[in-house]
1. For the structure I just gave you, tell me whether Ser154 is in contact (Cβ under 8 Å) with a residue 24 or more places away in the chain, part of a strand (DSSP E or B), of a type in the set (S, T, N, Q) and farther than 27 Å from Ala84 by Cα.
2. Considering each residue of segment 156-169, count those that are farther than 25 Å from Ala202 by Cβ and more than 14 Å from the chain's Cα centre (by Cα), and give that number.
3. Can you work out which of the residues in segment 124-141 that are touching a residue at least 60 places away in the same chain (Cβ under 8 Å) and in a loop (DSSP other than H, G, I, E, B) is nearest to the chain's Cα centre (by Cα)?
4. Report, by residue number, each residue of segment 82-115 that is hydrophobic (A, V, I, L, M, F, W, C), over 17 Å from the mean Cα position of the chain (by Cα) and in a loop (DSSP other than H, G, I, E, B).
5. Would a scan of segment 166-179 turn up a residue that is touching a residue at least 40 places away in the same chain (Cβ under 8 Å) and surrounded by fewer than 18 Cβ atoms within 10 Å (Cβ to Cβ)?
6. Can you report the number of residues in segment 70-115 which are more than 21 Å from Ser154 (Cα to Cα), out of contact with any helix residue (DSSP H, G or I) (no Cβ under 7 Å at 6 or more places or on another chain) and surrounded by 18 or more Cβ atoms within 10 Å (Cβ to Cβ)?
7. Output yes when any residue across segment 199-210 is in contact with a Ser or Thr (Cβ under 8 Å, 6 or more places away or on another chain), over 24 Å from Arg77 (Cα atoms) and assigned to a strand (DSSP E or B), and no when none is.
Amino acid sequence: MVVTAVVVVSVAVWAQQAKTGANAAGEEKHAEGGSEVMATKAGDAVMPPFACPVGGQSACGLPSNVVIDMAGAAVKRTEAEWRALLTPIQFKVARQQGTEPPFRNEYHDHHADGVYFSVCSETPLFDSRDKFESGTGWPSFTKPIEGRFVAVASDTSYGMSRDEVNCTVDGAHLGHVFPDGPQPTGLRYCINSASLRFVPRAEYTTWLARQQAAK
């Protein structure tokens, strides 16, 4: 693929911009009510992420190109098996490291209480209690449920330096993590809806009880 406009963006630049708000004035408001300041569920105010501006080239909106370590993955399938199990967009994102469009995906404006599993396995990844409104058009979380279920890989595709995140259990590409999120972690896990499967809290509690009983 030939990229005609390569923007070199470093994590250090994103972090500095998030602290200073240097380009907040130039951020475009989203038509559905985006504003200069986004609030988390806890009431903390954070500036909109600068790595993923609405419009233009976005660090969140570009695909990834990393080698995902499958050595320790418990769930492994052939490409044909994944294609049979997943929808086209799920396969493109989770297995081919693609990216879904912002604001036109299942969970960016999803507020139900529960847990988001990997679409490729029975692996709980993110809790709705850690989800916040980033204004980017993708589901955003401050942290995963279990750090051991989410791996980070260096992604230098498209002339950018990004931290790609994937599921350690099944190798599914999830999205990227940026250092411009709200406290207490200061992180924003920008995740594709196509890589997730939502389970309501009551169903998750039942699932968890079954898992614990099986041990």
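The values are calculated or read from the model by the stated rules, or taken from the named source; none is laboratory data. Here the structure is a predicted model, which is why all the values come from computation and not from measurement. Cβ sites come from the backbone with ideal geometry, for glycine too, and all protein chains shown count toward neighbours.
1. Working: in contact (Cβ under 8 Å) with a residue 24 or more places away in the chain: yes; part of a strand (DSSP E or B): yes; of a type in the set (S, T, N, Q): yes; farther than 27 Å from Ala84 by Cα: yes.
Against the criterion (in contact (Cβ under 8 Å) with a residue 24 or more places away in the chain, part of a strand (DSSP E or B), of a type in the set (S, T, N, Q) and farther than 27 Å from Ala84 by Cα), Ser154 qualifies.
2. So the count comes out to 7.
3. Result: Trp138.
4. If the condition is that a residue be hydrophobic (A, V, I, L, M, F, W, C), over 17 Å from the mean Cα position of the chain (by Cα) and in a loop (DSSP other than H, G, I, E, B), then Leu86, Ala112 are the ones that fit.
5. no
6. 1
7. No, segment 199-210 contains no residue that is in contact with a Ser or Thr (Cβ under 8 Å, 6 or more places away or on another chain), over 24 Å from Arg77 (Cα atoms) and assigned to a strand (DSSP E or B).
For every residue, the table says whether it meets (1) under 27 Å from Thr78 (Cβ atoms); (2) in a strand (DSSP E or B); (3) modelled with pLDDT of 95 or more; (4) out of contact with any helix residue (DSSP H, G or I) (no Cβ under 7 Å at 6 or more places or on another chain).
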| site | (1), (2), (3), (4) |
| --- | --- |
| Phe117 | yes, yes, yes, yes |
| Glu122 | yes, no, yes, yes |
| Glu164 | yes, yes, yes, yes |
| Gly186 | no, no, yes, yes |
